[in-house]
């Protein structure tokens, strides 16, 4: 028996193939769709980054405010203040209701002086 000197095999290889017109149009449509998807995803990520940055800024501001409050060992709050009008001395004294501390002594304003004139307004502090 004689040994064969030639052999034929069929294999598959990835090789360039010219696209037909319908295939070319289909690839163009696919490209347009992917370009739109990329733009949409970029915008979505930009929006998310802006939201995350805003949230982080909000948290940092809160952290800073708390640090200031702790270092000062005090914070501003609404406190009832009693205004004591001394028409004879011509001054108003402001007194904190929570501690009884005098926080301000000032001269009466012209309007406050007028309130004490007979016949112009009832006696007592302004409303």
Contact list please: Cβ distance under 9 Å, first residue in the stretch 1-26 and free of Cβ contacts under 8 Å to residues at least 60 places away in the same chain, second residue not in a helix (DSSP H, G or I), pairs at least six apart or on different chains. 26/19
Please go through the stretch 1-26 and give me each residue that is in a helix (DSSP H, G or I) and either surrounded by 10 or more Cβ atoms within 10 Å (Cβ to Cβ) or under 20 Å from the mean Cα position of the chain (by Cα) (or both), ordered by number. 23, 24, 25, 26
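Since every read-out is calculated from the coordinates, none of them should be taken as a lab result. Keep in mind that what you see is a predicted model, and the values were worked out from it rather than measured. Every residue, glycine among them, receives a Cβ derived from its backbone with ideal geometry; neighbour counts consider all protein chains shown.
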